[in-house]
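Structure first, commentary second.
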Amino acid sequence: MEQYKQADEALLVQLVKQGEEAALAELIRRYRRMVARVVIGMLGNTPEADDVGQETFIRFWNSIETYRHDAKVSTFLTRIAINLSINELKRRNRRSEWVGVLHENERNLINNNEIDAFEQSDEQERITKALAEIEPDHRQVVILRLVEGYSTKETAQMLEVPLGTVLSRLSRALEKLRTAMNKLEEA
Amino acid sequence: MKTKNEEILVKALLSELNDAEKKELEVVLHSDESAAETLNDFEKVKNNLKSFKPDFSEGFEQSVLQRLAQLSTGQTRQGRVFRLMLRLTMSASAAVLLLLLYVIWQENSLSLDGLLGLAGLKSDDFTNLLANY
């Protein structure tokens, strides 16, 4: 893996296309934290988040042939991570319905002891919990626009929604985050 | 707060205001006392989110590479089973085809009797027995 530490992204992608696992390992090293922010932001610090993170890189490996060089690797990975996280949230909702925990949304799942299974600082935990307070549709806008720093236009393109929708979702999300963070701070 | 005002505040937070909107923001901030407080709170939330730096568990890279290795092993095994099944199916099809050709050649027919080798048989009744003598 050391051999590719200085390699530029285009070369790494080329090598991944040729099936070079060490190049993929280097890309994982570079982008794991970014993928973690997206996935853990969407799902909370749960065991599934790790699985979804791993799956993101496996999908990347499997779909590398469809990767176009005009898009950044980070954007490509973010798209995969967001889609997989949304699928996981849907699965989570179906599962909670199946076991009879009706009307209990994923917020409760994130807020429960699963978080404690993973060590994280109070600050990280507070943000994770606050993010869990908002709707997944709003959460993905917050993560892309405010955490990852994509422009409003890029966020809209990535989520395939109009610019106005991004702004209105952001506004709603900020209101809820403000309340949630204040509440958590007081607690 | 009105939707238009909210949008202006969010755009201000994102530094995406054009000149006209900047003037609009000033009006909003002057006319609505809570607007400045809201914008300030939004800034705080934004700054808090900047410190969001979670990470996956230890050995994450290794887990991904292990899963990839397992997948490729599984695919190889699947491929081997598929090739074996294909070879068996093709052999069986060839055998059936040869059998059918043989039946057609022998019996000049593909009827059920022909397939069962009964095409030339006559019933064992009295008329047929007399005809043989």
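Couple of notes before you dig in:
- Reachable aspartates and glutamates from A:Lys5, criterion Cα separation under 12 angstrom, eight or more residues apart if same chain: A:Glu26
- Cβ-based charge dipole, chain B, positive-most Cα from B:Leu97, B:Asn18, B:Phe126: B:Phe126
- Partner shielding of A:41-49 amounts to 1, given as the average count of beta-carbon atoms from other chains within 10 Å of each residue beta-carbon.
- In summary, no helical segment of chain B meets the span-like criteria, namely a full DSSP H run, a Cα extent along the axis of 20 angstrom or more and a mean Kyte-Doolittle hydropathy of at least 1.0.
- Sum of -39500 (n - 2.57) over DSSP H runs of 4+, divided by residues of chain B (222 nm, nearest 500): -25500 deg cm²/dmol
- For chain A, the 222 nm mean residue ellipticity estimated from helices alone, with every DSSP H stretch of n ≥ 4 adding -39500 (n - 2.57) and the total spread over all residues, rounds to -23000 deg cm²/dmol.
- Counting, for every residue in B:63-72, the Cβ atoms of other protein chains within 10 Å of its Cβ and taking the mean gives 5.
- Carbon and sulfur %, accessible surface of region A:118-187 computed with the full protein complex present, 1.4 Å: 44 percent
- Placing unit charges on the Cβ atoms only, positive for Lys and Arg and negative for Asp and Glu, gives the protein assembly as shown a dipole magnitude near 640 debye about its Cα centre.
- Ignoring lysines fewer than eight residues from A:Lys183 along the same chain, the ones with Cα atoms less than 29 angstrom from its Cα are A:Lys90, A:Lys129, B:Lys2, B:Lys4, B:Lys11, B:Lys44, B:Lys46, B:Lys50, B:Lys53.
- Counting only GluC sites (Glu not before Pro) that DSSP places in a loop and that have at most 12 other Cβ atoms within 10 Å, the longest clean stretch of chain A runs over A:1-118.
- Counting Cβ atoms of other protein chains within 10 Å of each residue's Cβ and taking the mean over peptide A:51-58 gives 4.
- Size of the A/B contact, given as accessible area buried on both chains, probe 1.4 Å, in Å²: 3700 Å²
- Scanning chain A for DSSP H helices at least 27 Å long along the axis (C-alpha atoms) with a Kyte-Doolittle mean no lower than 0.5 picks out A:21-43.
- The longest part of chain B holding none of the exposed loop GluC sites (Glu not before Pro), meaning those outside H, G, I, E and B in DSSP with at most 14 other Cβ atoms within 10 Å, is B:59-133.
- Entry note, chain B: relative contact order of 10 percent, from Cα contacts under 8 Å with a spacing of 6+ residues.
- Surface exposure of chain B, expressed per residue as accessible area with a 1.4 Å probe, stands at 74 Å².
- When the other protein chains are added to the chain by itself, burial of at least 30 square angstrom of heavy-atom accessible area (probe 1.4 Å, ligands and nucleic acids ignored) affects these residues of region B:17-54: B:Asp41, B:Phe42, B:Val45, B:Asn48, B:Leu49, B:Ser51, B:Phe52, B:Lys53, B:Pro54.
- Distance (nanometres) between label positions extended 7 Å along Cα→Cβ at B:Leu84 and B:Leu71: 2.5 nm
The values are calculated or read from the model by the stated rules, or taken from the named source; none is laboratory data. Nothing here was measured: the structure is a model prediction, and the numbers come from that model. Glycine also receives a Cβ, built like all others from the backbone with ideal geometry; neighbour counts cover every protein chain displayed. Just the protein is used for accessible areas: all its heavy atoms, side chains included, with ligands, DNA and RNA removed. Shrake-Rupley method; radii C 1.70, N 1.55, O 1.52, S 1.80 Å.
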